[in-house]
């Protein structure tokens, strides 16, 4: 009888463990109310775009290492089209992984609010 009891306890423990999986919970993207070039956009561009789009490298023919240069590209629709991988635009970063949705949303907010510098 002890063996049967042990088997039942083992089954209960095993069954309980089968459903004890951790769920992956994604933190929702929080886009700040105010997005400025200086505080939010320049760090994103420095980390993701300067390799090809800075005066030091200028591999791509467009430099984004100044507010004025990026503002023109953003206001023309080209920046958002490229980073969102929209049809008709060359997907950016070129040859790299698409920016995450939260980063794209922050850039879109900056564009939609008039591309403020500070």
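The values are calculated or read from the model by the stated rules, or taken from the named source; none is laboratory data. Quick caveat, the model's predicted, so the values are computed rather than measured. Positions of Cβ are generated from backbone atoms using ideal geometry, with glycine treated the same way; all protein chains shown enter the neighbour counts.
Tabulated data for the structure shown
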quantity: Residues located in the stretch 38-66, provided they are outside any loop (DSSP other than H, G, I, E, B), in contact (Cβ under 8 Å) with a residue 24 or more places away in the chain and farther than 15 Å from residue 113 by Cα; calculated: 42, 44, 45, 48
quantity: Any chance residue 83 is surrounded by 12 or more Cβ atoms within 10 Å (Cβ to Cβ) and free of Cβ contacts under 8 Å to residues at least 60 places away in the same chain; calculated: yes
quantity: Residue count for the stretch 67-116, restricted to those that are modelled with pLDDT of 95 or more, closer than 16 Å to residue 51 by Cα and part of a loop (DSSP other than H, G, I, E, B); calculated: 4
quantity: Selected residue (criterion: nearest to residue 96 (Cα to Cα)) from residues of the stretch 43-61 that are exposed (fewer than 13 other Cβ atoms within 10 Å of the Cβ) and modelled with pLDDT of 90 or more; calculated: 47
quantity: Some residue of the stretch 19-31 being modelled with pLDDT of 95 or more and within 26 Å of residue 118 (Cβ to Cβ); calculated: no
